[in-house]
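Single-structure report; data block below.
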Amino acid sequence: MKSIFPILTVVAAIFALWYVFAVVLNAPWAYSKAERAEVELSFSEMVADTMAQEKPRLPAPHQVGAEIWKTTVEKKITSKRSLIYHGWITLQATALGFAFGIGLGILLAVSIVHFRVMDMSVMPWIIASQTVPILAIAPMIVVVLAALQVDDIVAKGVISMYLSFFPVVVGMVKGLRSPDTMLLDQMKTYSASSSQTFWKLRLPASAPYLFASLKVGAAASLIGAVVAELSLSQNGGLGARLLAGSYYGQTIQIWSALLAAATLAALMVFVLGAIEKVTLKRMGMAQ
Amino acid sequence: MSETVIQAKNLDLTYQTNDGPIHALKGVDLDINKGDFVSFIGPSGCGKTTFLRAIADLEQPTGGKLTVNGVSPEEARKARAYGYVFQAAGLYPWRTIGGNIRLPLEIMGYPKSEMAERVAKVLELVHLDGFEKKFPWQLSGGMQQRASIARALAFDADILLMDEPFGALDEIVRDHLNEQLLELWARTNKTIGFVTHSIPEAVYLSTKIVVMSPRPGRITDVIESTLPRERPLDIRDTPEFLEIAHRVREGLREGHAYDD
Ligand SMILES: Nc1ncnc2c1ncn2[C@@H]1O[C@H](COP(=O)(O)OP(=O)(O)OP(=O)(O)O)[C@@H](O)[C@H]1O
Ligand SMILES: [Mg+2]
């Protein structure tokens, strides 16, 4: 509970700053409206206007809050205007992509640790893959997959996997290599096979590393799904909401979709953190 | 005569490093008989660990001949001829004490029914009964070290190799563990190779004390203990004990003088 006060302070500061920026950024529009209507704006009238514009440059927090309320609580979740509906679509693609990413990441990590050749030959490519801007290649991947008649959710999952496997590889390689020489020598004195060393030593030792990279990977896979939805916007999803919002200048909608995505990411990281705690505790690695 | 378990003949072991070769062992000759308790003592860097690791097939000799149970160290290792206790306890944090002791048994494919029995037996041997379900972090350093000894005893290896197992422990705990180790040795009749820096510890425990000196690592003296096998702690005050300790100290000093 002690940690709640610093967190609240930071949140309050962010909101205060947000309001200040909303006023500053939206003021020109408020003045130009007043000019056309040929009325004088007092300062307080101007401030009031900056927080109630229909298409503000930066919507005020309460506007976004109201929009989120309207599109979650007040809409049926089957409605195409419901954020929950779109969030669910994004979450499914994220989960699929994350699962792919974890699978691919672990597979690559295991082979990198076991085969020196893999370490030398594949690792540079893995790193190079992450330097390619995903926004640029996502549409191409989507087109190619569409030509191969792949389901749209799988196509989104592939982009999501592309971003999420990387932290898993890096974390798992580090984790699988974390047992020191002494522990490995000890395995040798038991004349253990390399698969026994893997299952009994390397894999359990990598658990804390895996969880750390899963948290990074979860956020990355959400970004991947949202980016993919920009190219596959006909199927909905938070990315589609972002795109539609920017088409029509609906900044409030953009911001509420952004906040929804952030909430989703936070939720996933929180769930992973809970699983981590329980797992490590049951493994005896957290005291 | 009793049979020779470990035999080194003119053994060399040179490490190739970036700063040139390091002669960790040079011309080492040694016979260890079945049931011996052999201590290796000598200044830091004289090759004690290297020798133990060579016996365990964790290092490859670069010259001479080394046999364990009459075969090469590699064959002996594959036949699981020895248990090795490292300087650090090296318990797996995600396994309970019982689980840690079960580890080698699982790897060696002992039947499940037998495991529980063996775990209970070795825990009793190191006086850790009742700690089977505890995790390593719930035990003191000395208890962890005992658990790691128990783990090396759990399977049927006639040889026990120990590299400064009590190095990090205080004097009192050390005395206690030394007593227990002797008792254990008497009960199991294993051949023990034991590395230490402590003269009293070496004299108290051993039937044979190997004094080594560095650069290049070699054996300067092998002392057969005249002490009886039955050794209460206060044997350390007897003249006989002090005489052996004196000879060990002389041997160590000679090795050092060689340095200058
Ligand atoms: N893996 C290695 N590579 C290179 N040199 C090594 C290696 N292991 C040990 N040495 C060197 O070999 C020599 C003997 O080392 P060793 O560890 O056997 O000594 P020790 O008698 O066990 O010393 P201590 O009492 O400090 O444990 C030292 O000079 C050391 O620097
Ligand atoms: Mg050593």
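The values are calculated or read from the model by the stated rules, or taken from the named source; none is laboratory data. Owing to the predicted nature of the structure, the values given are computational and were not obtained by experimental measurement. Positions of Cβ are backbone-derived with ideal geometry, glycine not excepted, and every protein chain shown enters the neighbour counts.
Exactly one residue out of B:Thr207, B:Thr226, B:Thr191 is over 17 Å from the mean Cα position of the chain (by Cα) and hydroxyl-bearing (Ser, Thr, Tyr), and it is B:Thr226. Exactly one residue out of A:Phe198, A:Phe166 is more than 27 Å from B:Ala89 (Cβ to Cβ), in contact (Cβ under 8 Å) with a residue 24 or more places away in the chain and in a helix (DSSP H, G or I): that is A:Phe166. In region B:1-39, the residue that is farthest from B:Thr50 (Cα to Cα) out of those that are more than 16 Å from ligand 2 (Cβ to nearest atom) and hydroxyl-bearing (Ser, Thr, Tyr) is B:Ser2. Got at least one residue in region A:226-237 being under 23 Å from A:Ile68 (Cβ atoms), away from chain B (no Cβ under 14 Å) and within 12 Å of the chain's Cα centre (by Cα)? Yes, that holds for at least one residue.
Filtered by the rule that a residue be more than 21 Å from the chain's Cα centre (by Cα) and either closer than 20 Å to B:Val195 by Cα or part of a strand (DSSP E or B) (or both), region B:1-26 gives B:Asn10, B:Thr14, B:Tyr15, B:Gln16, B:Thr17, B:Gly20, B:Pro21, B:Ile22, B:His23. Based on what the data block shows, is A:Leu104 surrounded by 13 or more Cβ atoms within 10 Å (Cβ to Cβ), assigned by TED's automatic domain parsing to the domain that holds A:Gln234 and free of Cβ contacts under 8 Å to residues at least 24 places away in the same chain? In short, no.
Scan region B:2-23 for residues that are more than 16 Å from ligand 1 (Cβ to nearest atom) and within 16 Å of B:Lys65 (Cβ to Cβ) and report the count.
Going through region B:2-23 one residue at a time, the tally reaches 6.
When you scan region A:139-159, do you find a residue that is farther than 20 Å from A:Val226 by Cβ and either part of a helix (DSSP H, G or I) or touching a Cys at 6+ places or on another chain (Cβ under 9 Å) (or both), even just one? Within region A:139-159, one or more residues are farther than 20 Å from A:Val226 by Cβ and either part of a helix (DSSP H, G or I) or touching a Cys at 6+ places or on another chain (Cβ under 9 Å) (or both). If only residues of region B:47-87 that are facing chain A (nearest Cβ under 8 Å) and in a strand (DSSP E or B) are counted, the one that is farthest from B:Lys190 (Cα to Cα) is B:Tyr84.
Residue by residue, here is whether (1) in the same structural domain as A:Gly103 (by TED's automatic domain parsing); (2) more than 30 Å from A:Arg81 (Cβ to Cβ); (3) surrounded by 16 or more Cβ atoms within 10 Å (Cβ to Cβ) holds:
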| residue | (1), (2), (3) |
| --- | --- |
| A:Thr197 | yes, yes, yes |
| A:Phe211 | yes, yes, yes |
| A:Lys215 | yes, yes, yes |
| A:Ala228 | yes, no, yes |
| A:Ala240 | yes, no, yes |
| A:Leu243 | yes, no, yes |
| A:Ala261 | yes, no, yes |
| A:Ala274 | yes, yes, no |
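Which residues, taken from region B:159-203, are within 15 Å of B:Ala56 (Cβ to Cβ) and among the aromatic types (Phe, Trp, Tyr)? The answer is B:Phe194, and nothing else.
Only a single item in (1) surrounded by 18 or more Cβ atoms within 10 Å (Cβ to Cβ); (2) without any contact (Cβ under 8 Å) to a residue 24 or more places away in the chain is not met by A:Ala265, and it is number (2). Each residue in region A:47-86 was checked for being over 25 Å from the mean Cα position of the chain (by Cα), hydrophobic (A, V, I, L, M, F, W, C) and part of a helix (DSSP H, G or I), and 2 pass. Of all the listed residues (B:Gly27, B:Gly90), the sole one being more than 9 Å from ligand 1 (Cβ to nearest atom) and either surrounded by fewer than 17 Cβ atoms within 10 Å (Cβ to Cβ) or more than 11 Å from chain A (Cβ to nearest Cβ) (or both) is B:Gly27.
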